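Report on the structure given below.
Each reported figure results from applying straightforward, stated rules to the coordinates on display, with no laboratory input. As the structure is a prediction and not an experimental result, all values here were calculated from the model. Every residue, glycine as well, gets a Cβ built from its backbone with ideal geometry; the counts of neighbours run over all protein chains shown.
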Amino acid sequence: MSIDQSTAAKVAKLARIKVEDDALPALASEFNTILGFIEQLNEVDVDGVEPMVSVEPMRLKRREDVVTDGNQQDKVLANAPDAREGFFAVPKVVE
Amino acid sequence: MSDLNKLGLAEARDALRKGDVTSVELTESCLKAIDEADALNAFVHKTPEIALERAKAADARIKAGDAPSMCGLPIGIKDLFCTKGVSSQAASKILEGFRPEYESTVSQQLADAGAVMLGKLNMDEFAMGSSNETSVYGNAVSPWRRGNDDAQLTPGGSSGGSASAVSADLCLAATGTDTGGSIRQPAAFVGITGIKPTYGRCSRWGIVAFASSLDQAGPMTKNVRDAAIMLETMCGHDPKDSTSAELAVPNFEAMLTGDVKGKKIGIPKEYRMDGMPAEIEKLWSDGAEMLKAAGAEIVDISLPHTKYALPAYYVIAPAEASSNLARYDGVRYGRRAHLAQGDGITEMYEKTRAEGFGPEVQRRVMIGTYVLSAGFYDAYYNRARKVRTLIKKDFEDVFAAGVDAILTPATPSASFGLGEMTEADPVQMYLNDVFTVTVNLAGLPGVSVPAGLDKQGLPLGLQLIGRPWDEGELLNTAYALETAAGFVAKPGKWW
């Protein structure tokens, strides 16, 4: 599988990382190196093998579905790059 | 007493209890060493006020009696751990200015036990790297040099600042984290001990996530006894981490008898790689001889899927990273890019992430995005998870056959020069983790023990891999190896 520039551009878009057009050839080439390395996995016979979900066979703990936390709006917003009137502020989302 | 910063945890603890030193004296000695070591770029956020305040509290607690082992001992904390009110950036530009409103469970447990935080330690950005060259703070530098050559060497990665700081005696010990070898490889590069416990032993809560199914915290220390002491404080069930194990934590230090008689130590043939330096080959067979002389039985074993561990890792870890790092959106914390007139929310995400993530992090996030994308999920991600099942089964089979621990080299080479790998393709750098990454994929405990020097005078380490939840026995075997190897070399001070 070889990744071309348009695939690299699509992946960058999906990852929400801006990549300038002139950086795409190098990016595609790096992807191909890494994916070429990963291709080795095709040599392994995985028929009938379950994909690993959890490395230790433990059931995830459950807890009561109740509120355990909250009422700390100031702390939640303390590290926001732009917080106004008790909210996170972002550029216009809807025209 | 002079040079208090050069003490290990156990020595310092015993001196504190006898009243020979105070925590304030220990802490001041470390703070002075840190201020003289800016050339190593190990401590990237210094917290002397917090340190002295905690040291005073620890002295009062020790005086009152009944202080836990870690009480009063000055340590460094990797920048990946969230520390309340103190910059916690995962060495990334995207978390510039982030001061958490909470404390990670592991650093809280250490603080509760009375440990003194000296500051935050350098690392690869988001723990992605093997040389500490992807950090926004710049490279951490190893205190070791090749003889009289003044070329700067890597302390390894991702816990490079922790490795450099402990090796250079800037602190008594440090926390690290290990996703593919990030505790054990740097420990080996600088001649210290580092253990990654079984997945689930240490809570991941409050540690910036890289690959959640692989990440584990652990101690990086001057010797095996210190690792046992510090690991015990770091471990334990935490309801805030759903994968945290509800198991009692043994007194690991009490298990260090040095008796390995009758233990079966496996030597996996697949770890004998083409082109492995003769010195590492020799170190490995010497290590096996030492354990044999101590009464262990050495057996040849096979872990047939070893070769596929790194490629599987480079699907699974980036996939989890792409998901975990989606949270860095420039909205809730950290740094937002400056936007142009008319930029909307998509431009904000894209510019923030392009400016905030370094090249290696961007590369891994995008590889992860690709292997999870529609049409490739099965071919890459599911296949890698199936291979992971087989890698774990390899280990289960040898443990079922009676093997108690597995001995391997920790790294395929000694430390290399900073900048020497710049021209290499990313896969060349990934090969650093070839001996350590299997352990993360199988969730097992692994410890790196310094065992010798190469011909350039640089440390080399051996790795021991144990059964799940068997850190106590693993540390005991490591203790026997440490005693036999008698590694005492220290870097000459040039900084």
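With contacts taken as Cα pairs under 8 Å and at least 6 residues apart, segment B:182-337 reaches a relative contact order of 21 percent. Computed from Cα atoms, the angle from the helix A:24-38 axis to the main principal axis of chain A rounds to 70 degrees. A straight line joining the Cα centroids of segment A:13-27 and segment B:238-308 runs 43 Å. For A:GLU95 and A:GLU64, the FRET efficiency from 1/(1 + (r/R0)^6), where r spans their Cβ atoms and R0 equals 35 Å, is about 0.20.
Note on B:69-78: average number of Cβ atoms from other chains within 10 Å of each residue's Cβ is 0. Between A:GLU85 and B:GLN456, the simple spin-label model (points 7 angstrom out along Cα→Cβ) gives 6.1 nm. For chain B, rounded, prolate or oblate, judged on the Cα gyration tensor with a ≥ b ≥ c (square roots of eigenvalues), a/c < 1.5 rounded, else prolate if a/b > b/c? It is rounded, given that a/c, with a ≥ b ≥ c, falls under 1.5.
Anisotropy class assigned to segment B:167-304 is prolate, per the alpha carbon gyration tensor with a/c at or over the 1.5 cut-off and a/b larger than b/c.
Specify the angular offset, from 0 to 90 degrees and rounded to the nearest 10, of the alpha carbon long axis of helix A:5-14 from the longest principal axis of the alpha carbons in chain A. In chain A, helix A:5-14 runs at an angle near 20 degrees to the longest axis. Taking 0.692 mPa s as the viscosity and 37 °C as the temperature, the Stokes-Einstein diffusion coefficient of the protein assembly as shown based on its alpha-carbon Kirkwood radius rounds to 135 µm²/s.
Would you give the gap between the C-alpha center of segment B:6-76 and the C-alpha center of segment B:342-398, rounded to a whole Å? One Cα centre to the other: 40 Å. The residues neighbouring B:LEU339, those whose beta-carbon lies less than 12 Å from its own, together hold a net charge of -1 under the Lys/Arg +1, Asp/Glu -1 convention.
Taking other residues whose beta carbon is less than 15 angstrom from the beta carbon of B:ALA245, and scoring Lys, Arg as +1 and Asp, Glu as -1, yields -1. Using amide H atoms built 1.01 Å from N in the peptide plane, name the residues 5+ places from B:ALA173, or on other chains, whose amide H lies under 5 Å from its own. Result for B:ALA173 returns B:GLY76. Averaged over residues, the count of other Cβ atoms within 10 Å places the peptides B:197-204, B:485-492, B:114-121 in the sequence B:114-121, B:197-204, B:485-492, highest first.
Using C-alpha pairs under 8 Å with a sequence gap of at least 6, the mean separation divided by the residue count of chain B gives a relative contact order of 18 percent. Rounded to the nearest Hz, the phi-derived 3J(HN,Hα) couplings of segment B:69-86 under the Karplus curve 6.51 cos²θ - 1.76 cosθ + 1.60 (θ = phi - 60°) are 3, 7, 4, x, 8, x, 9, x, 10, 4, 5, 6, 7, 6, 10, 4, x, 10, where x marks glycine and proline.
Other residues lying with their Cβ under 14 Å from the Cβ of B:GLY8 contribute a combined charge of -2, Lys and Arg counting +1, Asp and Glu -1. Taking Cα centre as origin and charging only the Cβ of basic (Lys, Arg, +1) and acidic (Asp, Glu, -1) residues, the dipole magnitude of chain A rounds to 540 debye. Cα centroid separation, segment B:136-197 to segment B:423-479: 13 Å. For segment B:218-298, with the dipole built from +1 on Lys and Arg beta-carbon atoms and -1 on Asp and Glu ones, taken about the Cα centre, which of B:ASN223, B:GLY295, B:CYS235 lies farthest toward the positive end? Going by the Cα projections, it comes out as B:GLY295.
DSSP beta bridges fully contained in the protein assembly as shown are about 70 percent antiparallel. Evaluating 6.51 cos²θ - 1.76 cosθ + 1.60 at θ = phi - 60° for every residue in segment B:446-453, the Karplus couplings come out as x, 10, 9, 10, x, 10, x, 10 Hz, glycine and proline recorded as x. Is segment B:420-495 rounded, prolate or oblate when judged by the Cα gyration tensor, a ≥ b ≥ c being the square roots of its eigenvalues, rounded requiring a/c under 1.5 and prolate requiring a/b larger than b/c? Verdict is oblate for segment B:420-495.
Within the listed set A:LYS13, A:LYS75, A:LYS61, the residue fluctuating most in the Gaussian network model of chain A (springs between alpha-carbon atoms under 10 angstrom) is A:LYS75. Cross-link pairs exceeding 25 Å in C-alpha to C-alpha distance, out of A:LYS61/B:LYS392; B:LYS32/B:LYS93; B:LYS32/B:LYS56; B:LYS93/B:LYS120, comprise B:LYS32/B:LYS93. Within chain B, DSSP assigns beta bridges of which about 70% are antiparallel (rounded to the nearest 5).
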